[in-house]
Amino acid sequence: NAGVTQTPKFRILKIGQSMTLQCTQDMNHNYMYWYRQDPGMGLKLIYYSVGAGITDKGEVPNGYNVSRSTTEDFPLRLELAAPSQTSVYFCASSYRDSRSYEQYFGPGTRLTVT
Amino acid sequence: AQSVTQLGSHVSVSEGALVLLRCNYSSSVPPYLFWYVQYPNQGLQLLLKYTSAATLVKGINGFEAEFKKSETSFHLTKPSAHMSDAAEYFCAAASGGSYIPTFGRGTSLIVHP
C-alpha cells in the first residue's frame, strides 16, 4: 500500500491565483482530513470528511474548499490565494470505527504565496 | 471541547539522557490518546496510542507513555535519548464519539551529542 499520497510536494503561487492540492489514500478509510501546519502552532484542521459525498468545516476553513466524490480522493481547493495561506498542508485519513482513531498522514505540500 | 496542552515548545537533552515530553488533556471522559513524531520535512507518524487497554503504553523506537487519569496526563518518555530522536512530537486526543483528534502545539526535541 502507498498509504496517503499528496501532490504537489512544493508550490509557489502568486496572490489571487488558485490551485488544488491532491490527496489520495488506498487504505479504504472512511475519514479524511486536511490540516495546515504553521511554525509553533501545531496542526489546524481545515476540513474533514466522514465518507464520500460528506464534508464538514474544521477550525480554519475560510479561503478553502473541498470535495469528496470517492472514498480514495479528497482534494483541497484554494481560491484567490493570499499570503496568509503560506503553510505546509497535510492530508490524513483514518478508520471510521473505534479500531484506533489513529490517523495516517501524507508527506505534505509546502505552499508559498507571494 | 477537548484541549491538549504540551508543556514546553522545546526540550533539550544530551544523548543518553532521559527524555520526558509532557502532555495534558482536558476531557473529563478518558479519551483516546496519541503521540505522533514528525521528522524534518516529513508527515506525522504514530509513535504510540492509548485506547484504555493498559495505562502504560509502549511504542516504537523505545518510547513509552503512561496514562494517568487523576492527573489528566499522558507524558512521553524514553530512558536514553539517541541523536536520531531529534524531531517534533505531537500529542493528540479524541473522545466523545468524535473521530476528530485535537492536537497539541508540538514539542521540538533537541538532542546534544
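Structural remarks
- Segments classed as strands (runs of 3 or more DSSP E), wholly inside region B:1-95, with at least 3 members that are more than 26 Å from A:Val88 (Cβ to Cβ): B:56-58, B:64-68, B:73-78
- Taken together, the residues in region A:1-47 that are in a loop (DSSP other than H, G, I, E, B), over 16 Å from A:Thr71 (Cβ atoms) and in contact (Cβ under 8 Å) with a residue 24 or more places away in the chain amount to 8.
- Residue in region A:88-101 that is in contact with a Phe, Trp or Tyr (Cβ under 8 Å, 6 or more places away or on another chain), more than 24 Å from B:Pro31 (Cα to Cα) and either in contact (Cβ under 8 Å) with a residue 40 or more places away in the chain or among the aromatic types (Phe, Trp, Tyr) (or both) present: yes
- Sole residue being closer than 29 Å to B:Tyr39 by Cβ, within 12 Å of chain B (Cβ to nearest Cβ), under 12 Å from the mean Cα position of the chain (by Cα) and aliphatic (A, V, I, L, M), chosen from A:Leu43, A:Leu76: A:Leu43
- Test for B:Ile60: is it in contact with a His (Cβ under 7 Å, 6 or more places away or on another chain) and surrounded by fewer than 17 Cβ atoms within 10 Å (Cβ to Cβ): no
- The requirement of being outside any strand (DSSP E or B) and crowded, with 21+ Cβ neighbours inside 10 Å is fulfilled somewhere in region A:72-81, by at least one residue.
- Scan region A:38-49 for residues that are in contact with a Gly (Cβ under 8 Å, 6 or more places away or on another chain) and either surrounded by fewer than 18 Cβ atoms within 10 Å (Cβ to Cβ) or more than 16 Å from A:Phe90 (Cα to Cα) (or both) and the total you get is 2.
- Of the residues making up region A:59-71, those that are touching a residue at least 24 places away in the same chain (Cβ under 8 Å) and either closer than 19 Å to A:Leu13 by Cβ or in a strand (DSSP E or B) (or both) are A:Val60, A:Tyr64, A:Val66.
- Selection over region B:58-113 of residues that are within 14 Å of chain A (Cβ to nearest Cβ) and either within 14 Å of B:Glu15 (Cβ to Cβ) or acidic (Asp, Glu) (or both) gives a count of 1.
- Selection over region A:99-113 of residues that are at pLDDT below 95 and away from every other protein chain (no Cβ under 14 Å) gives a count of 0.
- Restricted to region A:82-98, and to residues there that are closer than 26 Å to A:Val113 by Cα and within 10 Å of chain B (Cβ to nearest Cβ), the residue that is surrounded by the fewest Cβ atoms within 10 Å (Cβ to Cβ) is A:Val88.
- Single condition B:Leu20 does not satisfy, out of (1) modelled with pLDDT of 95 or more; (2) out of contact with any His (no Cβ under 9 Å at 6 or more places or on another chain): (2)
- Checking each residue of region A:50-58 against the condition of being surrounded by 15 or more Cβ atoms within 10 Å (Cβ to Cβ), at the interface with another protein chain (Cβ under 9 Å from one of its Cβ atoms), outside any loop (DSSP other than H, G, I, E, B) and aliphatic (A, V, I, L, M) gives at least one match.
The values are calculated or read from the model by the stated rules, or taken from the named source; none is laboratory data. Here the structure is a predicted model, which means the values were calculated and not measured. Positions of Cβ are generated from backbone atoms using ideal geometry, with glycine treated the same way; all protein chains shown enter the neighbour counts.
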